[in-house]
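Peer 1: Okay, handing you the structure first.
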Amino acid sequence: MIQNTVSGATRTQAQRTAATRAKLLDAAVESLVEQGYSGISTQGIAKHAGVSRGAQLHHFPTKESLVVAAVEHLVDKRLREILESRPDPEYGFEALFDAFTGPLFDAALELWVAARTDPALHAAMIPLERKVSDALRTGCLEIMGDRVSPDIIDLGIELARGFAVSALMRTPESDREFRDRLLPVWKALVSK
């Protein structure tokens, strides 16, 4: 083990590696949200993370691998947060719609749009999208149990995603009003 002279604590190589990766992943998400996919570079992300270009290349040799890993990291974190908050099963669809807000959704949306015309990013996004959908489905099933069918959950995921995209063209206030009006209609339709 090597002594870390900055904090005085002893850290293993695995801990240093995990810390470097976490810095890069957090910086990548922040950069995606602030600058969009076309505005970021791996050099800029490394600088923002405070790590060397060599360290960035060691962990993530391509822009695609870095940004996809960053969104995957955020998905895992966000799912844990949602499940740990133990939402009321009666509000499972609200929790699902909430999953499509904030930095995770903004970063993912940047990648979806960029992947439409970038074959390498598109290929890298397919396993991530599968993981995101599986995580959302698992989370919903854990929250709502057998209240709704897996097909209704899948349809709910697609509805929530589309709703979140269209929300980009509304003010926060009008989005809240729209959601407050339509979410009960959706819940009534699927609970019949």
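Peer 1: Anyone know which of Val71, Val29, Val165 comes out most mobile in the 10 Å Cα GNM of the chain?
Peer 2: Val165
Peer 1: Moving to a separate point now. Show the residues, 5+ positions off or on another chain, whose built amide H is closer than 5 Å to the amide H of Arg11.
Peer 2: For Arg11, the qualifying residues are Ile2, Asn4.
Peer 1: Starting from the Cα of Asp88, step 7 Å along the direction of its Cβ; do the same at Val33; then give the gap between the two resulting points in nm.
Peer 2: It works out to 2.8 nm between the two label points.
Peer 1: Comparing Glu94, Glu173, Glu158, which has the greatest mean-square fluctuation in the GNM of the chain with Cα pairs linked when under 10 Å apart?
Peer 2: Maximum among the listed residues: Glu173.
Peer 1: Here's something else I'd like to know. For the chain, set up a GNM with springs between Cα atoms under 10 Å and report which of Pro89, Pro119, Pro150 has the largest fluctuation.
Peer 2: Most flexible of the set in this elastic network: Pro119.
Peer 1: Any chance you could run the full-extension gain for Arg116 through Ser166? It's 0.36 nm times the residue separation minus the Cα-Cα distance, nm to one decimal.
Peer 2: Numbers: separation 50, 0.36 × 50 = 18.00 nm, distance 1.80 nm.
Difference between extended and current length: 16.2 nm.
Peer 1: When Cα extents along the principal axes in Å is calculated directly from the model, which label among (i) 61, 37, 31; (ii) 49, 35, 29; (iii) 66, 34, 30 fits?
Peer 2: The calculated read-out lines up with (i).
Peer 1: Over the Cα atoms of region 25-92, compute the convex hull volume and normalise it per residue, giving Å³.
Peer 2: On the way: hull volume 6.6 nm³, N = 68.
About 97 Å³ per residue, rounded to a whole number.
Peer 1: What ranking, highest mean first, results for peptides 80-86, 64-70 when packing means the other Cβ atoms within 10 Å averaged over each residue? Spell out each step's value before the answer.
Peer 2: On the way: 80-86: 12.3, 64-70: 21.6.
Order by mean packing, descending: 64-70, 80-86.
Peer 1: Rounded to the nearest 500 deg cm²/dmol, what is the calculated helix-only ellipticity per residue at 222 nm for the chain, with -39500 (n - 2.57) per DSSP H run of length n ≥ 4? Can you show the working numbers first?
Peer 2: Details: 9 runs with 145 residues, N = 192.
Estimated from H runs of four or more residues: -25000 deg cm²/dmol.
A short reminder: the numbers here are calculations on the coordinates, not readings from a lab. Everything numeric in this text was worked out from a predicted model, so none of it was measured. Please note: Cβ atoms are built from the backbone with ideal geometry, for glycine as well, and neighbour counts cover all protein chains shown.
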